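A.B. asks: Here's a structure for you.
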Amino acid sequence: MDQNNADDQALASFFPKGETWLSAVSVMYSNFQIYLENEKNMDERIQASIDDAIKTNPGIKIERKNDIDINNSLKAKVVYYLGTTVQGDGYTSYFANAYVPTPEGTVYIILSSRNKDDFYKSITAFEQLVKSYKFVQSSK
């Protein structure tokens, strides 16, 4: 885990040993977004993310995947965003986003890869990271 290398894009970042945030083909990171006033639940946040991805990447392929069980009462919803072009990086990218509900908003756990083969090779590690999620405390 690295909390300093993600260019302020993430709360924590993960990449293969011997690599850096910039040199790794695939990285994982976590982030958080509070629920917006017009959002009633996490499903609306996920749909807003999907709608935005389609609008900014017309050729993108979106795949909803099976939920990942974190514990008996908590599940992460998973969406793959395949074939996106991230502005400024020049790569076609592949993302797996796990959306984890909290009382105040959504925790994102994201796998990002610049290579399709490496993306699919990294899915098991992504799923293990999602399963390791622990909710600590709510401010409510």
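A.B. asks: Cβ-Cβ below 7 Å, separation at least six or inter-chain, first residue in region 122-140 and under 19 Å from residue 24 (Cβ atoms) and modelled with pLDDT of 95 or more, second among the small types (Gly, Ala, Ser) and surrounded by 14 or more Cβ atoms within 10 Å (Cβ to Cβ): which pairs?
C.D. replies: 122/26; 122/113; 123/96; 126/96; 130/76; 130/98
A.B. asks: Quick check, is residue 88 among the small types (Gly, Ala, Ser), modelled with pLDDT of 85 or more and farther than 13 Å from residue 130 by Cβ?
C.D. replies: On the way: among the small types (Gly, Ala, Ser): yes; modelled with pLDDT of 85 or more: no; farther than 13 Å from residue 130 by Cβ: yes.
The answer is no for residue 88.
A.B. asks: Please note which strands (runs of 3 or more DSSP E) are completely contained in region 21-91 and include at least 3 residues that are under 23 Å from residue 123 (Cα atoms) and aliphatic (A, V, I, L, M). Spell out the reasoning first.
C.D. replies: Working: elements: 26-34, 61-71, 74-85.
Answer list for region 21-91: 61-71, 74-85.
The values are calculated or read from the model by the stated rules, or taken from the named source; none is laboratory data. Model, not experiment: these values are computed from the prediction. Every residue, glycine as well, gets a Cβ built from its backbone with ideal geometry; the counts of neighbours run over all protein chains shown.
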